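Comments concern the structure below.
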Amino acid sequence: MSGTMRAVNFEPGGPENLRIGSVPVPKLREKEVLLKVYATAINRADTLQRKGLYPPPPGESDILGLEAVGIVEKLGSGCVKTWKIGDRVMALLPGGGNAEFVASREELLMPVPDNMEFNQAAAIPEVWLTAFQLLFLVGKVKKNDTVLIHAGGSGVGTAAVQLCRQFGARTIVVAGSQEKIDFAKSLGAEEGFNYKESMFEPKVLQHTDGKGVDLILDCVGGSFFSQNINSIATEGTWVVYGLMGGRTIDTGDHLGKILQKRITIVGSTLRTRSIQYKESLIADFTQRALPHFSSGEFRPIIDTTLPLDSIQEAHTLMESNKTTGKIVLQVRDQVKDEL
């Protein structure tokens, strides 16, 4: 397929530097599928890329967007999976999702859950796969573990709470408003603390009878480092997957506490992982988690749905930190026969 398409363009800087432009439709490489995009979404990584701080992996699209949902439009050479033209799919992407068409590796597609609209499905790929990876592949969560989830009202946070509930782990969330905490509790969180009102560390210890938590999912980094050290249990695992609170720390006696408690600290990102890793992750998620969307046990949490043309508003909203769940971008209208 040749021609042009509408896509998000930007120059490094603020949301005002985002605009919709005309660019060539992607040319398919080996084992790629062309997806006609109906909905996409934005993530914290998109705002960092817009600022010039998080470039795409070498050779990948520099268009923003780490996920997209739509219909298979064309199959590239070498495709061996069972996807066919017209299939309703959602894609985990290294970039390129904020556009009318996107090229995706065939291994990185998942079926849209039964009876789910594209706008709903757009809130699944990036945050749910991230949460699933952090909990099961990186954090090795076990039944009855207590998990401390930072940004409990975020897309990853709301997904992680639901995953823990389904697979038997207990959750405590940290968030910046009581509204977000209450919402996390409605999804299955056991307790929640507002970091803007007081330190969460003593409350976490009180709630766990002094033991601390078995696993921390940390997208904050520097500003919460000391409290996390004191909140984690002996031989606990601490997964750092974001640095919203800064990249530097005052170590103090923290290194001593890491040794004393035998803490495992693991850094994790998803975007730069290998195709093989992502394929394995998607296969595991598709088998263990995806059926729960069709049954209604899991649901994607959406704060706001905006048209693609409102990309500036979407990024401004993301950076306000006031959202609960995902910001979805509708690229084109969905007609009834595509449900």
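The values are calculated or read from the model by the stated rules, or taken from the named source; none is laboratory data. Computed from a predicted model, the values in this text were never measured in an experiment. Note that we place each Cβ from the backbone using ideal geometry, even for glycine, and neighbour counts take in every protein chain shown. Keep in mind that these areas ignore ligands, DNA and RNA; they rest on the heavy atoms of the full protein, side chains included. Shrake-Rupley method; radii C 1.70, N 1.55, O 1.52, S 1.80 Å.
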- request: Please report how far the C-alpha centroid of region 143-164 lies from that of region 1-57, rounded to the nearest whole angstrom.
  value: 29
field: Solvent-accessible area of Phe224 with every protein chain in place, 1.4 Å probe, in Å² to the nearest 10
entry: 20
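Give, in nm to one decimal, the length gained when the segment between Lys257 and Leu53 is fully stretched (0.36 nm per residue of separation minus the Cα-Cα distance). Show your work: numbers first, answer last.
Working: separation 204, 0.36 × 204 = 73.44 nm, distance 3.20 nm.
In short, 70.2 nm is gained.
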task: Give the accessible surface of the chain per residue, rounded to a whole number of Å², with probe radius 1.4 Å and ligands, DNA and RNA excluded.
output: 43
Set of lysines with alpha-carbon distance to Lys143 below 20 Å, sequence-local pairs under 8 removed: Lys185, Lys211
query: With a sphere of radius 11 Å drawn around the Cβ of Asn9, what net charge do the other residues whose Cβ falls strictly inside it have (Lys, Arg +1; Asp, Glu -1)?
result: +1
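Nearest-5 percent of antiparallel DSSP beta bridges in the chain? Could the numbers behind the result be given before it?
Values: 32 of 58 bridges.
If we restrict to bridges inside the chain, about 55 percent are antiparallel.
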query: Separation of region 62-135 and region 279-326 by C-alpha centroid, Å?
result: 12
statement: Out of Asp114, Asp284, Asp309, a Gaussian network model of the chain with alpha-carbon springs under 10 Å gives the largest mean-square fluctuation to Asp114
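Among the GluC sites (Glu not before Pro) in region 11-40, which ones are in a DSSP loop with at most 12 other Cβ atoms within 10 Å of the Cβ? Mind listing them?
Sparse-neighbourhood loop GluC sites (Glu not before Pro): Glu30.
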field: Sites Ser280 and Gln206, calculated FRET efficiency, Cβ-Cβ separation with R0 41 Å, nearest 0.05
entry: 0.55
